[in-house]
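Visitor: Pasting a structure here, questions to come.
The values are calculated or read from the model by the stated rules, or taken from the named source; none is laboratory data. Model, not experiment: these values are computed from the prediction. Neighbour counts run over all protein chains shown; Cβ positions are idealised from the backbone, glycine included.
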Amino acid sequence: METKPLFNDEFAGAPAKRVLAHLLKHKGKGDVIAGTYCGYAPLEVFRAMGIVPAVLCAFANNTVAAGEAVLPSNLCPLIKSSMGFIETDTCPFFSISQAVIAETTCDGKKKMFEFISERRPMYIMNLPHIPERKEAAAYWLGVVRDLKAFLESVFGKNAEDADLEAAIKDSNEKNRRVMRMFGYAALDAPALHWSEMLDTVFLATPLSGAEINGILDEKLDTLAERAAAGRRIGDPGAPRVLITGSPVAGDAVKVYKIIEDEGGVIVEIDSCVGTKPFRSGIKEDTGDPLAAIAERYLSIPCSCMTPNLRRMEELSARIEKTKPDVVIDVVLHACHSYNIESSRVEKHVREKHGIRFLKIVTDYAPGDAGQLKTRIGAALEMAKQEMS
């Protein structure tokens, strides 16, 4: 990378510290904090009620063993790490959360939530896994309304339609800025590094637009200057890589580092720790803001949905936008829905777009780094040959 990282100044290179300081400030003022694990949690409902969201810890290898003391060892590392953080009391975001909002994105998470519910008030949002069915929208709206009722009951909070509408507009403004930032990774000469993409997601998810839009505007100015000056990420002619699949953050970014070490440049992260939570807006001024919120969240194309045709549609849109030379589908061990779906993703990428495809199955441990280096290096080398 040939330029100063975006978030190395006021965040001291550690967005987690900034988010924790943000949460502790709210706690000091007596504000309510509620933890979440997944992008299906409608944070606009939280904010409309004056509740501060905290994204809970899930991406460290060093808590997996503690998680395995409670959960099976052949479970997804994200779930085991999440449980391990709680068992070892090492997630500061959980420590200051007064309730947890959970979603039924997989069976492993559902059972983990039973343990967590013994420690915090919890509301589980039961997803309708066939979202195209006509009854799914009505059911999901009921779940979102019940979430609001749960928060009202536990915390004595309330939100009028005007509060919800204001939260919708705040999110839409923020999401537009985030997607403009990600657009700099898609330039012919990419100007946004993958670590900056993750930092942006980590900061923009829990903070409201009112709290972060000024910072995002400043960073957009920096990116514009960087692009205008011709300072790029990666070498000219480096294979462009689109990442899709399971969420990759924390210790799983070994994959990103290897891609970079092998001469690739990441131009898109098509996952729930990438562009996926920010791509679509919420309809404004509909007269029923809660229904608009529910509609938007039900459209998120997680692999827990079936047949999940939206994932292929959105993947095509991101391919057309970012023009990758290689699509790498990163699947965490025992993440069965993403693993099973991978063959359909490969067929879609190869047949519709004619792009090289690589599937990786990995976890948070470093032991497979050599194997990943060999496979990723070979895929990127073949892509270079095809480009020349």
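Visitor: Which residue, of Glu295, Glu284, is acidic (Asp, Glu), buried (at least 17 other Cβ atoms within 10 Å of the Cβ) and either within 26 Å of Ile51 (Cβ to Cβ) or at pLDDT below 95 (or both)?
Guide: Exactly one residue qualifies, and that residue is Glu295.
Visitor: Show the residue pairs that are 6+ apart or on different chains and have beta-carbon atoms under 9 Å apart, the first residue being within the stretch 101-116 and touching a residue at least 12 places away in the same chain (Cβ under 8 Å), the second being crowded, with 20+ Cβ neighbours inside 10 Å and of a type in the set (Lys, Arg).
Guide: Ala102/Lys109; Glu103/Lys109; Gly108/Lys80; Met112/Lys80
Visitor: Let me ask something else about it. Filter the stretch 1-36 down to residues that are modelled with pLDDT of 95 or more and in a loop (DSSP other than H, G, I, E, B) and give me whichever is farthest from Ala102 (Cα to Cα).
Guide: As a first pass, look at the stretch 1-36 and keep what is modelled with pLDDT of 95 or more: 23-36.
From the residues that got through so far, the ones that are in a loop (DSSP other than H, G, I, E, B) too are 29-31.
Working: Lys29: 25, Gly30: 23, Asp31: 20 Å.
Residue satisfying both the conditions and the ranking: Lys29.
Visitor: Pick from the stretch 340-354 the residues that are hydrophobic (A, V, I, L, M, F, W, C) and crowded, with 19+ Cβ neighbours inside 10 Å: which of them is nearest to the chain's Cα centre (by Cα)? Show your work before the answer.
Guide: Narrowing the stretch 340-354 to residues hydrophobic (A, V, I, L, M, F, W, C): 340, 345, 349.
From what is left, the residues that are crowded, with 19+ Cβ neighbours inside 10 Å are 345, 349.
Working: Val345: 19, Val349: 22 Å.
Checked the stretch 340-354; the qualifying residue nearest to the chain's Cα centre (by Cα) is Val345.
Visitor: Give me the helices (runs of 4 or more DSSP H) completely within the stretch 170-283, filtered to those with at least 2 residues that are out of contact with any Asp or Glu (no Cβ under 9 Å at 6 or more places or on another chain) and within 30 Å of Glu295 (Cα to Cα), ordered by residue number.
Guide: By residue number, 194-204, 209-228.
Visitor: Regarding Asn339, is this residue under 21 Å from Val253 (Cβ atoms), polar (S, T, N, Q) and out of contact with any Phe, Trp or Tyr (no Cβ under 9 Å at 6 or more places or on another chain)?
Guide: Yes, satisfied.
Visitor: Let me ask you something else. Which members of the stretch 348-385 meet the condition of being closer than 28 Å to Leu75 by Cβ, among the charged types (D, E, K, R) and in a helix (DSSP H, G or I)?
Guide: Correct list: Asp368, Lys373, Arg375.
Visitor: Among the residues of the stretch 150-171, are any closer than 30 Å to Ile266 by Cα, modelled with pLDDT of 95 or more and not hydrophobic (A, V, I, L, M, F, W, C)? Talk me through it step by step, then tell me what you get.
Guide: Initial filter on the stretch 150-171 (closer than 30 Å to Ile266 by Cα): 170-171.
Restricting the remaining residues to those that are modelled with pLDDT of 95 or more gives 170-171.
Of the ones still in play, those that are also not hydrophobic (A, V, I, L, M, F, W, C) are 170-171.
So far as the stretch 150-171 goes, yes, one or more of its residues are closer than 30 Å to Ile266 by Cα, modelled with pLDDT of 95 or more and not hydrophobic (A, V, I, L, M, F, W, C).
Visitor: Only one of (1) under 21 Å from Leu71 (Cβ atoms); (2) crowded, with 18+ Cβ neighbours inside 10 Å fails for Arg120. Which number is that?
Guide: Checking Arg120 against (1) under 21 Å from Leu71 (Cβ atoms); (2) crowded, with 18+ Cβ neighbours inside 10 Å, the one that fails is (2).
Visitor: Something else: What pairs come out if I take residues in the stretch 144-155 that are within 14 Å of Gly35 (Cα to Cα) and pair them with residues that are at pLDDT 95 or above and in a helix (DSSP H, G or I) whose C-beta lies under 9 Å away, six or more apart or interchain?
Guide: Leu147/Val45; Leu151/Val45; Leu151/Phe46
Visitor: Out of the residues in the stretch 151-163 meeting the condition of being among the charged types (D, E, K, R) and in a helix (DSSP H, G or I), tell me which one is surrounded by the most Cβ atoms within 10 Å (Cβ to Cβ). First the steps, then the outcome.
Guide: So the first thing to find is which residues in the stretch 151-163 are among the charged types (D, E, K, R), and the list is 152, 157, 160-161, 163.
So of that shortlist, the ones also in a helix (DSSP H, G or I) come out as 152, 161, 163.
Working: Glu152: 13, Asp161: 13, Asp163: 17.
Checked the stretch 151-163; the qualifying residue surrounded by the most Cβ atoms within 10 Å (Cβ to Cβ) is Asp163.
Visitor: Which ones in the stretch 105-117 are out of contact with any His (no Cβ under 8 Å at 6 or more places or on another chain) and either surrounded by fewer than 18 Cβ atoms within 10 Å (Cβ to Cβ) or among the hydrophobic types (A, V, I, L, M, F, W, C) (or both)? Even if it seems obvious, please write down each step before you answer.
Guide: Quick first cut of the stretch 105-117, residues out of contact with any His (no Cβ under 8 Å at 6 or more places or on another chain) only: 105, 107-117.
Once the filter is applied, which keeps residues that are out of contact with any His (no Cβ under 8 Å at 6 or more places or on another chain) and either surrounded by fewer than 18 Cβ atoms within 10 Å (Cβ to Cβ) or among the hydrophobic types (A, V, I, L, M, F, W, C) (or both), the stretch 105-117 yields Asp107, Lys110, Lys111, Met112, Phe113, Glu114, Phe115, Ile116, Ser117.
Visitor: Follow-up. Report whether or not Ser388 is at pLDDT below 95, small (Gly, Ala, Ser) and either touching a Leu at 6+ places or on another chain (Cβ under 8 Å) or surrounded by fewer than 16 Cβ atoms within 10 Å (Cβ to Cβ) (or both).
Guide: Against the criterion (at pLDDT below 95, small (Gly, Ala, Ser) and either touching a Leu at 6+ places or on another chain (Cβ under 8 Å) or surrounded by fewer than 16 Cβ atoms within 10 Å (Cβ to Cβ) (or both)), Ser388 qualifies.
Visitor: Just checking, how many residues over the stretch 298-333 are within 28 Å of Tyr256 (Cα to Cα) and in a helix (DSSP H, G or I)? Break it down stepwise before answering.
Guide: Narrowing the stretch 298-333 to residues within 28 Å of Tyr256 (Cα to Cα): 299-305, 308-333.
Restricting the remaining residues to those that are in a helix (DSSP H, G or I) gives 309-322.
Of the residues in that region, 14 qualify.
Visitor: Okay, moving on. Residue by residue through the stretch 196-253, note down the ones that are farther than 20 Å from Val265 by Cα and among the basic types (Lys, Arg).
Guide: Selection gives Lys219 alone.
Visitor: If you don't mind, there's one more thing I want to ask. Looking only at the stretch 123-142, filter to residues that are touching a helix residue (DSSP H, G or I) at 6+ places or on another chain (Cβ under 7 Å) and surrounded by fewer than 16 Cβ atoms within 10 Å (Cβ to Cβ); which one of those is farthest from Gln98 (Cα to Cα)?
Guide: Ile130
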